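First up is the structure itself, then whatever we jot down about it.
The values are calculated or read from the model by the stated rules, or taken from the named source; none is laboratory data. Source: prediction; values computed, not measured. Heads up, the Cβs are rebuilt from the backbone with ideal geometry, glycines too, and the neighbour counts pull from every protein chain shown. The area values use the complete protein model at the heavy-atom level, side chains included, leaving out ligands, DNA and RNA. Shrake-Rupley method; radii C 1.70, N 1.55, O 1.52, S 1.80 Å.
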Amino acid sequence: MDKKLGLPSVIATGMGLIVATSCLLSLGQGAGAIGVSFIAAMVIACLINICTALSTAELNALMPSLTGGLAQYTLTCMGPFVSLVVMVGGYLVCNALTGSVECAMFGASVNAVFNTGIPSNVFCVILVMFLMIVNLNGVDMFAKIQNIVAYGLIASLVIMGIISILGLGTGETVSQPLTLTTDISDIFSMVGLAFFLFLGAEFIIPIAGNVKNSQRNVPLGMLLSLLIVLCMQIIVVLGMHNYVLWDDLAKSTSPHILYGFSLFGRIGSVWMILASIFAVVSTVNSVMSSLPYICAGMSKIGLLPQFFCRKNKKGVPYIGVLLVSSIIIIINLTGLSSAEQLSFFILTGCVFWMCAYIISNLNVIILRKRLKNAPRTFKVPFGLVIPICGIIGNIIMIWNIDGDPDVKKQFTVFVCLFLLCL
């Protein structure tokens, strides 16, 4: 493959999964719950995810030729069983389901804007087929789409946020306190929700072989993608304060749409819905690009069947692309993406994802001891402080994944069973 991804495309890939529509929902719900204090929870969650991103970058620097991401590192450190559980649960299943839900939101958003009368899942299938063709045509086509939607979305939300902060919207401004709490326990209770806002920067790793100057651009791309998204989200929260009552945000099932309407009326609603569509395309495009490379890498080391390694003339592991596309289409055509029980399934997958992040940091600690003299083009600074902070932080986020005590008990049982399996 001749063409390589530059730093802007790497950053767009890192932001791709982070700026999902579900993250826009979480952002509004978090701000509605504790006001601008949610920014503190966002900063904490971002720092924890930066710890994991840096650890993942060191693992990639130690084994730069691998495409299966966490699977190869974990296989070396902890064996095949843990690798399979973490990758299948934390990445393959979770992302296939998340991509399906995002596609369902895409169809609903199109009908909300244009009122076509066409079933929403038809638009889902059209989107998936389009992105499948894009990804089958190689990393260059993926990058072109990703750059447009990721940067377009970030710019759109930043502009809307600045207009809100300056009070230049056509809607009525509201008078309310900036913060609803300054209690540190309240803020930490929201860190689990804030986790969703920074999920997936490590999706850069599976395509690291297609990146120019990957020694520099892979860790830098992950770091910048997280920081750019954090800055955008801070601007949006500050803007929400001026135009939407916190209580209304907390109660809304579409807080981002409410924010757009409060800022510019009907035009603001359309603007935010279009931003949501960009978010869906960005997310599904990232999932459809990265998961096939992860599957191909896992097949190379015997964790998945060998046919996942097959590539088309563009160098794309096409079996993975076709499989991921088919799963998303089937879930949307059957209506499973709108089922209520799927919410807990996705949250469970995210707990797997957090466990995967814990294991990423553990892998760094283990390989620092086993391969301490092995060459690394990137090494996490400050010894083992950052990986340890990443482990502790992800445990905190698992504990705060949901505010409902009953749901928390279910997650606690799940995590205990998972740790026993390890």
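Taking the criterion of being hydrophobic (A, V, I, L, M, F, W, C), within 14 Å of GLY260 (Cβ to Cβ) and surrounded by 14 or more Cβ atoms within 10 Å (Cβ to Cβ), would at least one residue in the range 160-173 satisfy it?
Residues of the range 160-173 that are hydrophobic (A, V, I, L, M, F, W, C), as a first pass: 160, 162-163, 165-166, 168.
The next check asks that each one be within 14 Å of GLY260 (Cβ to Cβ); those that pass are 160, 163.
In the following step, the residues that additionally are surrounded by 14 or more Cβ atoms within 10 Å (Cβ to Cβ) were identified as 160, 163.
For the range 160-173, residues hydrophobic (A, V, I, L, M, F, W, C), within 14 Å of GLY260 (Cβ to Cβ) and surrounded by 14 or more Cβ atoms within 10 Å (Cβ to Cβ): present.
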What's the number of the only condition in (1) open to solvent by 60 Å² or more (accessible area, probe 1.4 Å); (2) modelled with pLDDT under 75 that PHE414 fails to meet? (1)
Checking the condition modelled with pLDDT under 85, open to solvent by 30 Å² or more (accessible area, probe 1.4 Å) and within 19 Å of LEU131 (Cα to Cα), which residue from PHE278, PHE344, PHE352 passes? PHE278
Among the residues of the range 313-336, the number that are modelled with pLDDT under 85 and buried (at least 24 other Cβ atoms within 10 Å of the Cβ) is 1
For the range 105-145, enumerate the residues that are in contact with a helix residue (DSSP H, G or I) (Cβ under 7 Å, 6 or more places away or on another chain) and within 11 Å of VAL284 (Cβ to Cβ). MET105, PHE106, CYS124, LEU127, VAL128, LEU131, MET132, VAL134, ASN135, ILE145
Can you tell me which condition TYR151 does not meet? The list is (1) closer than 24 Å to ASN285 by Cα; (2) of a type outside the set (D, E, K, R); (3) in contact (Cβ under 8 Å) with a residue 60 or more places away in the chain; (4) open to solvent by less than 40 Å² (accessible area, probe 1.4 Å), and all the others hold. (4)
Give PHE123, PHE198, PHE142, PHE130 a once-over and let me know the one that is within 24 Å of LEU323 (Cβ to Cβ) and open to solvent by less than 30 Å² (accessible area, probe 1.4 Å). PHE142
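Sort out for me the helices (runs of 4 or more DSSP H) sitting completely within the range 4-110 that have 3 or more residues that are at pLDDT below 80. Break it down into steps so the answer makes sense when it comes.
Numbers: elements: 7-18, 21-34, 38-62, 70-78, 80-87.
The helices (runs of 4 or more DSSP H) meeting that bar are 7-18, 21-34, 70-78, 80-87.
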Scanning the range 72-89 residue by residue, those open to solvent by less than 50 Å² (accessible area, probe 1.4 Å) and among the β-branched types (Val, Ile, Thr) turn out to be THR74, VAL82, VAL85, VAL86
Quick one: PHE203 ticks every box in (1) closer than 23 Å to LEU153 by Cβ; (2) open to solvent by 10 Å² or more (accessible area, probe 1.4 Å); (3) assigned to a helix (DSSP H, G or I) bar one, so which box is it? (2)
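Would you mind finding the one in LEU166, LEU197, LEU227, LEU153 that is closer than 30 Å to LEU70 by Cβ and at pLDDT 90 or above?
LEU227
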Pairs with Cβ under 8 Å, 6+ apart, first in the range 283-299 and among the polar types (S, T, N, Q), second modelled with pLDDT of 85 or more and surrounded by fewer than 24 Cβ atoms within 10 Å (Cβ to Cβ): ASN285/VAL134; SER299/PRO305; SER299/GLN306; SER299/PHE307; SER299/PHE308; SER299/CYS309
Among (1) closer than 29 Å to SER55 by Cα; (2) open to solvent by 10 Å² or more (accessible area, probe 1.4 Å); (3) not small (Gly, Ala, Ser), there is one condition ASN242 misses while meeting the rest; what is its number? (1)
Could you list all residues from the range 245-287 that are touching a Leu at 6+ places or on another chain (Cβ under 6 Å) and not in a helix (DSSP H, G or I)? SER252
Please go through (1) of a type outside the set (Lys, Arg); (2) open to solvent by less than 10 Å² (accessible area, probe 1.4 Å); (3) over 17 Å from GLY297 (Cβ atoms) for ILE118 and return the number of the only condition it doesn't satisfy. (2)
Quick one: in the range 297-312, of everything that is part of a helix (DSSP H, G or I) and at pLDDT below 85, which residue is surrounded by the fewest Cβ atoms within 10 Å (Cβ to Cβ)? LYS300
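Of all residues in the range 313-338, how many are free of Cβ contacts under 8 Å to residues at least 40 places away in the same chain and part of a loop (DSSP other than H, G, I, E, B)? Please lay out each step first, then the result.
Keep residues of the range 313-338 that are free of Cβ contacts under 8 Å to residues at least 40 places away in the same chain, which gives 313, 317, 319-320, 323, 326, 330, 334.
Next cut, part of a loop (DSSP other than H, G, I, E, B) only: 313, 317, 334.
Counting residues in the range 313-338 that are free of Cβ contacts under 8 Å to residues at least 40 places away in the same chain and part of a loop (DSSP other than H, G, I, E, B) gives 3.
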